[in-house]
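**Q** Just dropping this structure here.
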Amino acid sequence: DPGNVSNGIYRSTNGGVTWSRIEGPWGPEPSVPRQSALGRIELAIAPSDPNVLYASIQGPLSGPSDSPGLLGLYRTDNAWADQPTWIQIPTQATGSTGYCARKCAYSHVISVDPRVSDTLYAGGDLDLWRCTRCGSSPTWTATRRTHADFHVLGWAGNRLIVGNDGGL
């Protein structure tokens, strides 16, 4: 439920019997303390290092026709700690509303390169972006645009498969 105060990142360590909320530098909506600051959340774990987890979070929805941009992109290098330590990755190079632009609720995907834990691919409304040295000082590069509205990213070996409104 967009904007619900219970929105967040949860983890189970016992096969889904119980779940615990993982806190991070995101938090409650300052102007409405009982409302979550979180919209749609995308998670991507690094196949080459399962301690590295990225969380891409849409800003909160203020109404049914609202389409906020990216709240932030976050990374932890200790995903399985009781309280992971998160950093926010700068995304200004991808535009004022982030790589998912104004459609984060509709087209918003991230995926980690299976060979390198600090290379992330992120897509949304317009472009697919590659983030290298994806941490506190990243380099963002727009890849070749195939079609708008990215919905799925998957890997076949070392080949990235991209699904968008135009197909694969």
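The values are calculated or read from the model by the stated rules, or taken from the named source; none is laboratory data. Everything numeric in this text was worked out from a predicted model, so none of it was measured. Quick reminder, even Gly has a Cβ in these numbers, built from the backbone with ideal geometry, and neighbours come from all protein chains shown. These area figures cover heavy atoms from the full protein model, side chains too; ligands, DNA and RNA do not enter into them. Shrake-Rupley method; radii C 1.70, N 1.55, O 1.52, S 1.80 Å.
**Q** Would you compute, for the Cα atoms of the range 116-168, the largest minus smallest coordinate along each principal axis and list the three values in descending order, in whole Å?
**A** So the extents along the principal axes, rounded to whole Å, are 33, 25, 15.
**Q** Give me the accessible area per residue for the chain, probe 1.4 Å, as a whole number in Å².
**A** On a per-residue basis, the chain sits at 51 Å².
**Q** Quote the FRET efficiency, to the nearest 0.05, computed for residue 165 versus residue 115 with a Förster distance R0 of 25 Å and r equal to the Cβ-Cβ distance.
**A** Given R0 = 25 Å and the Cβ-Cβ separation, E is 0.30.
**Q** Percentage of Cα-Cα pair distances in the chain greater than 30 Å, rounded to whole percent?
**A** For the chain, the share of Cα pairs beyond 30 Å comes to 14 percent.
**Q** Based on DSSP loop calls and a cut-off of at most 14 other Cβ atoms within 10 Å, the longest stretch of the chain free of exposed trypsin sites (Lys or Arg not before Pro) is what?
**A** Here the longest segment lacking exposed loop sites spans 35-114.
**Q** When the accessible area of the chain is computed with all protein chains present and a 1.4 Å probe, what percentage of it is carbon and sulfur?
**A** 52 percent
**Q** When the distances between all Cα atoms of the range 72-168 are binned every 5 Å from zero, what whole-number percent does each bin get?
**A** 3, 14, 23, 25, 19, 12, 4, 1, 0
**Q** Calculate, in nm to one decimal, what residue 146 and residue 17 gain on full extension: separation in residues at 0.36 nm each, minus their alpha carbon distance.
**A** 42.3 nm
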